[in-house]
1. What is the one condition in (1) over 24 Å from the mean Cα position of the chain (by Cα); (2) within 25 Å of residue 511 (Cβ to Cβ); (3) surrounded by fewer than 19 Cβ atoms within 10 Å (Cβ to Cβ) that residue 418 does not satisfy?
2. Which helices (runs of 4 or more DSSP H) sit wholly inside the stretch 456-522 and have at least 2 residues that are farther than 28 Å from residue 421 by Cα and modelled with pLDDT under 85?
3. For a quick check of your reading of the model, give me the residue pairs whose first member lies in the stretch 242-253 and is on the phi < 0 side of the Ramachandran plot, whose second is surrounded by fewer than 16 Cβ atoms within 10 Å (Cβ to Cβ), with beta-carbon atoms closer than 7 Å and at least 6 apart or on different chains.
4. Just one of 441, 419, 436 is in contact with a Gly (Cβ under 7 Å, 6 or more places away or on another chain) and either assigned by TED's automatic domain parsing to the domain that holds residue 83 or farther than 23 Å from residue 77 by Cβ (or both); which is it?
5. Return a yes/no flag: does the stretch 325-336 have any residue that is among the basic types (Lys, Arg) and in contact with a helix residue (DSSP H, G or I) (Cβ under 6 Å, 6 or more places away or on another chain).
6. Tell me, which helices (runs of 4 or more DSSP H) wholly within the stretch 307-358 include 2 or more residues that are among the β-branched types (Val, Ile, Thr) and farther than 30 Å from residue 422 by Cβ?
7. Just a yes or no: is a residue in the stretch 432-439 buried (at least 22 other Cβ atoms within 10 Å of the Cβ), of a type in the set (D, E, K, R) and not in a helix (DSSP H, G or I)?
8. Pick from 451, 408: which is modelled with pLDDT of 90 or more and either under 22 Å from residue 517 (Cα atoms) or in a helix (DSSP H, G or I) (or both)?
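The values are calculated or read from the model by the stated rules, or taken from the named source; none is laboratory data. On a predicted model such as this, the values are computed, not experimentally measured, just so you know. Neighbour counts run over all protein chains shown; Cβ positions are idealised from the backbone, glycine included.
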Amino acid sequence: MLPDRQENRQPNENPTKSWRVAFQALIDRRAVIMLFLGFSAGVPILLIFSTLSVWLREAGVQRSTITFFSWAALGYSFKFVWAPLVDRLPFPYLTNHLGRRRGWLLVSQLSLVFAILWTSFFDPQKTLIYTAIGALLIGFSSATQDIVIDAYRIESAEKEMQAILSATYIAGYRIGMIVAGAGALWLADWWGGENYDYLVWARVYRWMAALMLVGIMTTLAIKDPGIPGEEKSTFQGNADYIRFLFVFALAAAAFVLGFFLSVDMAQTLKSIFIDNYGMLGRLAGFLTETARLAFSIVMGAGVIWGMVRLRVVPYEHVRETYVDPIAEFLGRYGKTALVILALIGTYRISDILMGVITNVFYLDVGYSKTQIATYTKFWGLLATMGGGLLGGVLSIRFGIIRILFLGAFLSAASNVLFSYVAQQQPDEMLLLMVISADNLSAGIAAAAFVAYLSSLTCVAFTATQYAIFSSIMTLVPKILAGYSGSVVDSVGYELFFIGTAVVGVPVLLLIVWAGHISSAQE
């Protein structure tokens, strides 16, 4: 059932504010809360990526096996699958005592503590399977925490504040990444040196689990948004919830099974197309990956349809949880929804296409691993944080759409700088300047874009709609990014980086179009 009360956050161009008002927003209590919650979200992600990869490599795990651990992050890409449960289903006891968002937030954070500690209790040299289980638990719990934090951020403040909340969230997120990335590796080196010692890594991960107390304490200290006027649910009692969870588990299993069952077929088809048809074959490979995702969705939807036909769950429950959030968005925007979805799906395309190949590029042009770590991991993260805060302030001062355009333009234009780097001899100062410019522009774009996505949600379906938007945001760019290496092999780095800038031009046109849509709805 669609809600009677629809407090929609239209992405209209908010009126410009004074610089004083814009900077004062940075010290707003809600902005500080998002800084701490951002830190809580930033810590787990590297514990299943670079930090875990170093641990596994020191433990003697083969590189081919280490790369499989990246699948633990699939939860971030497919969190839209269970986001509706977070939106609709209460968590026993905690929802009544803490509220809808705080209850789920505490559950996800406690689950993260358990998952990180679980991972610390097993030596991958002896029990690699248990380490893999820990990584999957971290990925799932972290993605769930992201779902709730996104919903809390959107529901806790008016549209005009979303850019600043996004900026402080990004700043906290980057600090968490620095701590769990460079900080964790520094501790491992300090305590263990060059030789592998499982107890050293166990100690590091237990310290990372302790850092999750920052998020837990923040959750206990804040107030739940407590959205008034929520629609009455079609769920009646615990039996309905249990049956729906059972159906969801079956559908999720079918979705994952379809995704992995199709991997061999997809790889075979891509190899045939790419080997025989060149660039046209790469387009066919992209379409193959898209078909693979569609196949997985159809399998999951088929299970739900079968359970409805068998009357395991009423159709009203499925409609309320999965259909209504999509129907509400499409009904609100009509045909213009396609323009908005196209913008969401392509906004980060220049950034992601280039980002996949940059570390390889640095090595190929002659920079050392130490230089790469110093300038990309440390100074680059600081520049992103600064860009995020600047993007938040500018969005309040000049409006979201204008800074959305500025961020997209700078992100595309900064890619051209890498084409210049490709023509020069290794120069640390040049590298620092280019990386700083690139990450600063990425931070500005990220703050404005998160605020824009937040403005698109309806308060009745916040978690679900934002999870769908954020998944669409990375889906197409990440699939295309898988072909970056092949394109570089064909045309070289200089033309590749220029090409990543050129593909950002249609995004600018989509932003202008979306701005006209926003103005028309004022």
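1. Here residue 418 meets the rest and fails (3).
2. Here the list reads 462-481, 505-520.
3. These pairs meet every condition: 243/312; 247/312.
4. Just one listed residue meets the conditions, 441.
5. No, the stretch 325-336 contains no residue that is among the basic types (Lys, Arg) and in contact with a helix residue (DSSP H, G or I) (Cβ under 6 Å, 6 or more places away or on another chain).
6. Answer list for the stretch 307-358: 336-346.
7. Checked the stretch 432-439: no residue is buried (at least 22 other Cβ atoms within 10 Å of the Cβ), of a type in the set (D, E, K, R) and not in a helix (DSSP H, G or I).
8. Only one candidate passes the filter, namely 408.
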